[in-house]
Amino acid sequence: MSLITKDAKQAYINKFKSEPILVFSPGRINIIGEHTDYNGGFVFPAAVNLGIVVAIGKSNTNKSNAIALDLNSSITFELNNLKPSKQVAWANYVFGVIAELQKENKHLDNFNIVVKGNIPAGSGMSSSAALENGVVFGLNEVFNLGLTKTEMIFISQKAEHNFVGVKCGIMDQYASMFGAKNNALLLDCKSIKAKSYEIDFKNHQFVLINTNVKHSLSDSAYNDRRAACEKVAKLLNITTLREATERDLQKIEALLTPENYQKALYVIQEIERTQKAAKAIENNNLQKLGKLIYASHNGLQNQYKVSCKELDFLVDQAKKDKNVLGARMMGGGFGGCTINLIENDSTANFISTTSKAYKKEFNKDCTVYFVKLATGTHLVE
Ligand code: GLA
């Protein structure tokens, strides 16, 4: 049993004097395919061995309790008429899941929940989806709701839309729920069907570098991007940009601002890059994969405009080292991690050079993570 699981379990027992059910729900990385999920496109994520543990069980009082151990924060609440909380931001992930389950006429009784995680906050590894999935999975077990994993991820996504206020796509919830050991998932966000790819590069690996910044307003910028894409899709008379080609977009260029044209173009190109990346992995062509990853960053930085100076700096550092085949920002953007495809033997050297350069440039540290690709949300026995 991992350390965070032991902690969550013990805290639950101390506080509620009963044995909880334990759930582990992982964070995710994404190889390529950024901001394509809510456009019906392809993404290429994988669940990782960092995540959130949920200890959960029925309450024997007429109230429910939630404790976030990492934040040393707790909240007592009733199940009816839950509204998003302005004071306790993390509680919205729990409240949101409850409210969405109730909308689906799933009956819940009062419960207690303790959560503890080891995903660095704001790293772009999706602690939010891990938490939502952990909560819905736990409630499904405790109250025998009979939900499928697919139903659960849509509950998680709606919780994020309606209680957290981020109009996210389905990538994070899918990857966290359906992750498989040593595999990445090429997910078609239109059909919600994925193909697994075993990731075993022998001489190369993915390494994450956290800028340790999260710029404010990133949530509203995220929703703005989504709205812009939907506007372009509407002008093209299609449901999502997945259905558009570059030629289609050129035809309506005059109707668009140059900014929105570039954003839609980025999405169309990134969907194509993601499919090409899967091919490159199939062919074991890591040079090609690396080029696609660099091109993805270029698009996120210059066309979609969701990067920031710290992320761009880390990617520029990577470009200076020929042993780094590709690097890009990962996740929603405006901070968090870069994902780097590096030759194993050159990794230590690259990390040391980059860490020093980052410190010199920004007078703060970046953090390096080596993650393993791991199983999705599951019960811990
Ligand atoms: C966040 C969202 C995802 C996805 C990424 C960008 O992580 O939650 O749905 O849109 O940003 O690819």
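From the list Asn118, Asn105, which one is open to solvent by 10 Å² or more (accessible area, probe 1.4 Å) and at positive phi? Steps first, answer last, please.
Working: Asn118 fails: at positive phi.
Within the list Asn118, Asn105, the selection yields Asn105.
Among the residues of the stretch 147-179, count how many are without any contact (Cβ under 8 Å) to a residue 40 or more places away in the chain and within 13 Å of the chain's Cα centre (by Cα).
Qualifying residue count, the stretch 147-179: 2.
Would you mind finding the one in Phe95, Phe178, Phe143 that is touching a Ser or Thr at 6+ places or on another chain (Cβ under 7 Å), away from the ligand (no atom under 14 Å from the Cβ) and at pLDDT 95 or above?
Numbers: Phe178 fails: touching a Ser or Thr at 6+ places or on another chain (Cβ under 7 Å); Phe143 fails: touching a Ser or Thr at 6+ places or on another chain (Cβ under 7 Å).
Only one candidate passes the filter, namely Phe95.
Quick one: would you say Gly122 is in a helix (DSSP H, G or I) and touching a residue at least 60 places away in the same chain (Cβ under 8 Å)?
Values: in a helix (DSSP H, G or I): no; touching a residue at least 60 places away in the same chain (Cβ under 8 Å): yes.
When the stated conditions are applied, Gly122 does not pass them.
Does Phe163 meet the test of being more than 16 Å from the ligand (Cβ to nearest atom), over 22 Å from Asn30 (Cα atoms), open to solvent by less than 40 Å² (accessible area, probe 1.4 Å) and modelled with pLDDT of 95 or more? Show your work before the answer.
Details: more than 16 Å from the ligand (Cβ to nearest atom): no; over 22 Å from Asn30 (Cα atoms): yes; open to solvent by less than 40 Å² (accessible area, probe 1.4 Å): yes; modelled with pLDDT of 95 or more: yes.
In short, no.
Residues to consider are Asn212, Asn182, Asn144; find the one that is on the phi > 0 side of the Ramachandran plot, free of Cβ contacts under 8 Å to residues at least 60 places away in the same chain and open to solvent by 20 Å² or more (accessible area, probe 1.4 Å). Spell out how you get there, then give the answer.
Details: Asn212 fails: free of Cβ contacts under 8 Å to residues at least 60 places away in the same chain; Asn182 fails: free of Cβ contacts under 8 Å to residues at least 60 places away in the same chain.
That would be Asn144, the only listed residue that is on the phi > 0 side of the Ramachandran plot, free of Cβ contacts under 8 Å to residues at least 60 places away in the same chain and open to solvent by 20 Å² or more (accessible area, probe 1.4 Å).
What about Ile153, is it surrounded by fewer than 19 Cβ atoms within 10 Å (Cβ to Cβ), within 14 Å of the ligand (Cβ to nearest atom) and not polar (S, T, N, Q)?
So Ile153 fails the test.
Residues being among the hydrophobic types (A, V, I, L, M, F, W, C), more than 23 Å from Ala221 (Cα to Cα) and either touching a Ser or Thr at 6+ places or on another chain (Cβ under 7 Å) or not in a helix (DSSP H, G or I) (or both): count how many of those fall in the stretch 269-300.
Step one: list which residues in the stretch 269-300 are among the hydrophobic types (A, V, I, L, M, F, W, C), which gives 271, 277-278, 280-281, 286, 289, 292-293, 295, 300.
Going one step further and asking which of them are more than 23 Å from Ala221 (Cα to Cα), we end up with 277-278, 280-281, 286, 289, 292.
Remaining after also requiring either touching a Ser or Thr at 6+ places or on another chain (Cβ under 7 Å) or not in a helix (DSSP H, G or I) (or both): none.
Counting residues in the stretch 269-300 that are among the hydrophobic types (A, V, I, L, M, F, W, C), more than 23 Å from Ala221 (Cα to Cα) and either touching a Ser or Thr at 6+ places or on another chain (Cβ under 7 Å) or not in a helix (DSSP H, G or I) (or both) gives 0.
Could you go through the stretch 132-139 and let me know if any residue there is open to solvent by less than 10 Å² (accessible area, probe 1.4 Å), of a type in the set (A, V, I, L, M, F, W, C) and within 15 Å of the ligand (Cβ to nearest atom).
First pass over the stretch 132-139, keeping only residues open to solvent by less than 10 Å² (accessible area, probe 1.4 Å): 132-136, 138-139.
In the following step, the residues that additionally are of a type in the set (A, V, I, L, M, F, W, C) were identified as 135-136, 139.
Now drop any that are not within 15 Å of the ligand (Cβ to nearest atom), which leaves none.
No; the residues of the stretch 132-139 include none that is open to solvent by less than 10 Å² (accessible area, probe 1.4 Å), of a type in the set (A, V, I, L, M, F, W, C) and within 15 Å of the ligand (Cβ to nearest atom).
Looking for whichever is crowded, with 17+ Cβ neighbours inside 10 Å, outside any helix (DSSP H, G or I) and either out of contact with any strand residue (DSSP E or B) (no Cβ under 7 Å at 6 or more places or on another chain) or not aliphatic (A, V, I, L, M) (or both) here; the options are Tyr304, Tyr266. Which one fits? Even if it seems obvious, please write down each step before you answer.
Working: Tyr266 fails: outside any helix (DSSP H, G or I).
Answer to the selection: Tyr304.
The values are calculated or read from the model by the stated rules, or taken from the named source; none is laboratory data. Just so you know, these numbers come straight off a predicted model, no measurement behind them. Note that each Cβ is placed from the backbone with ideal geometry, even for glycine, and that neighbours are counted across all protein chains shown. For accessibility, only protein heavy atoms count, side chains too; no ligands or nucleic acids. Shrake-Rupley method; radii C 1.70, N 1.55, O 1.52, S 1.80 Å.
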